[in-house]
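Down below is the structure, laid out as structure tokens.
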């Protein structure tokens, strides 16, 4: 390999055949470049009379952004095949970079495009990427690598394989709709929203468009346009209710009943919100025997009204269909 | 399972010379066979397929294992039923959408342990331990007890071992109608043939490769008239529009063919699954809807229908059994004390719980 300095514009940055990382230079990175320029050489290789960047995309983008004109490069011998060259780029990053799922999908795509066989991809590369070494995982990753618009979000929010798999089960136009709904949400909320919409679609036998046109959801989407984070939480809450109507209804009834209780302020009533258990929990906060006596007396007095009975009935109620 | 559905047989070199291997291979004449040293190569092969679970059901692996008899793990926090299992075959040729073996067994071919001497020794020593009550042992935990029986003859081997062991009850649980070989031997009172039952709609949509309801009930009736006791497992009970009427019809059909005296026990269990299963099911059964119901994550981490709905399902089926005077046969599978209590209050009409929950074990 030859170490030298070249003008950045000598590199054909349009040729992205070896790129699989999604990271962008952040403020700290740019400050470092401004202070000491790019110290570690990027790797390039000659292809069809131009220089192609093999690794060091973030450094090059940082250098351009900081107005540098030249940077150090290590030129890889051009007799290396694309597969060998990409393996070099991959393993160089592998040692010090935690790949996101989006990056893993792009790496697998590159290995596949450069001719690595399916068995090798599954048995070796997927293991290296700490993913289930199965044909199914390979298919999911190859599919994911084609999701141009979604990849930056998948990278940024560090999606897990299971979320990506479910996302890919939506038709393309529905994926766009989903992206427009949740791009600003946290990874967990994105995952939950995909899950909830998936379930609703299957349960109602409707497509996503029809579901978001339902009045409750549609009205929420209107707010969405004005104030995204708040609206997203509201949307999630509506979806949770739709997916879990029985438990929500019963919990609402119980909560309503509990609110009507006139209990001392130092007593808190609670219950299992999955309704697996039908008992109540009373938390009593007291700091003296006298206070305890008063509190117990107040609780006993409250037994005289019918609310407790009603509450236990609600917790143990049988459903009618 | 017929021979045509198995694509290939792998034989563990350690059991290559076992007489049972020869007998099995005679029954599978014409199928490609390979002697291997490591089962890992089968797993690798399966991982390269798009549907490892489906493909695993077409590869047969003859091997050995160290131990067979285990207490049924049930699930923490549930009322257990003192069940034991004999894990003789692992993986099942039937392909039920809700089967948790899909996520529990990773790339495991249909595995038959042929070291019968070891099984015999283990069972004999198990029988010699003092037992104060009747103990149930079944082979249907990690496979269907009879689906591969024509090849393995497991049932005949086990029945011979259980003969005259009155304190030990062998249960063979199936969704097939393959009982021909069992109708050629003397039935033993401690051998129970059991069928998992569901509505015709659910059998059709969720139990790929299994016998129809009529076939199962006809086989059960045949077994009873031959002298066997039978058992039934309504598990998983699935909630869907029209479930009440359809389960009612199943139970009516059951009692039209079989009198309650011929029935040893009936279990009820509703659809439940560990979180890992759902991604496999969504992939393998993309048109399925039973997993898109309302579920709660319950105390043991599994997803279950909300408790009020489960109680409703059990009480409704319990009511129907009550109408046939057969409520004493019922027990719940993998349920909490809370659900048991709600169920028993109604079904057993407030009777004391001294025999709770398994009267036949006392």
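Summary of values
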read-out: Gained length - residue B:164 relative to residue B:65, 0.36 nm times residue gap less alpha-carbon distance; value: 33.0 nm
read-out: Segment residue B:25-residue B:215, length gained on full extension (0.36 nm per residue, minus Cα span); value: 65.6 nm
read-out: Cα shape, the range A:101-163, gyration tensor, a/c 1.5 rule; value: prolate
read-out: Using alpha-carbon coordinates, inclination of helix B:307-323 to the longest axis of chain B, degrees; value: 80 degrees
read-out: Sequence-separation-based contact order of the range A:83-242, relative, with Cα cut under 8 Å and 6+ spacing, percent; value: 17 percent
read-out: Projected label distance in nm at residue A:156 and residue A:309, using a 7 Å step from Cα toward the beta-carbon; value: 5.8 nm
read-out: Cα-based shape type of the range B:67-179, given that a ≥ b ≥ c are square roots of the gyration tensor eigenvalues and the cut on a/c is 1.5; value: oblate
read-out: GNM top mover of A:21, A:85, A:281 - chain A, alpha-carbon springs below 10 Å; value: A:281
read-out: Cα point-scatterer Debye curve for the protein assembly as shown, base-10 log of I(q)/I(0) at q = 0.06, 0.11, 0.12 Å⁻¹; value: -0.49, -1.21, -1.31
read-out: At 1.002 mPa s and 20 °C, Stokes D of chain B from Kirkwood alpha-carbon radius, µm² per second; value: 101 µm²/s
read-out: Cα pair count fraction exceeding 16 Å, expressed as % - the range B:224-272; value: 47 percent
read-out: Proxy reagent accessibility, fewest Cβ within 10 Å first, across A:176, B:68; value: A:176, B:68
read-out: Length added when fully stretched, residue A:50-residue A:183, from 0.36 nm per residue minus Cα-Cα; value: 44.1 nm
read-out: 10 Å Cβ neighbours from other chains, averaged over peptide B:306-313; value: 6
read-out: Förster-model FRET efficiency, 35 Å R0, residue A:149 and residue B:240, C-beta, rounded to 0.05; value: 0.40
read-out: Folded to 0 to 90 degrees: helix B:213-226 orientation relative to chain B principal axis, Cα; value: 90 degrees
read-out: Least to most buried among A:121, A:74 (fewest other Cβ within 10 Å first); value: A:74, A:121
read-out: Relative contact order %, the range A:262-315, counting alpha carbon pairs below 8 Å whose residues are six or more apart; value: 37 percent
read-out: Ranked list, fewest to most other Cβ atoms within 10 Å of each Cβ, for B:127, B:10; value: B:127, B:10
read-out: Residue-averaged 222 nm ellipticity for chain B, from DSSP H runs of 4+ at -39500 (n - 2.57), nearest 500; value: -10000 deg cm²/dmol
read-out: Residue A:248 paired with residue A:70, simple spin-label distance in nm, labels 7 Å along Cα-to-beta-carbon; value: 6.5 nm
read-out: On Cα atoms only, tilt of A:101-113 relative to the major axis of chain A in degrees; value: 40 degrees
read-out: Inter-chain Cβ neighbour average for residues A:272-282, partner chain, 10 Å; value: 4
read-out: Sites residue A:265 and residue A:226, calculated FRET efficiency, Cβ-Cβ separation with R0 41 Å, nearest 0.05; value: 0.65
read-out: Interatomic Cα distance distribution for the range A:1-96, bins of 10 angstrom, percent; value: 16, 51, 29, 3
read-out: For chain A, Kirkwood radius (reciprocal of mean inverse C-alpha pair distance, Å); value: 24.7 Å
read-out: Peptides B:327-340, A:236-249 ordered by average Cβ neighbours within 10 Å, highest first; value: B:327-340, A:236-249
read-out: Relative contact order (percent, whole number), chain B, Cα cutoff 8 Å, 6+ residue spacing; value: 14 percent
read-out: Förster radius 51 Å - calculated FRET efficiency between residue A:300 and residue B:43, Cβ distance, rounded to 0.05; value: 0.20
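Taken together, the values in this text are just the output of simple stated rules run on the coordinates, not laboratory data. Predicted, not measured: the structure shown is a model, and the values here were computed from it. With ideal geometry, Cβ positions are generated from the backbone for all residues, glycine too; neighbour counts draw on all protein chains shown.
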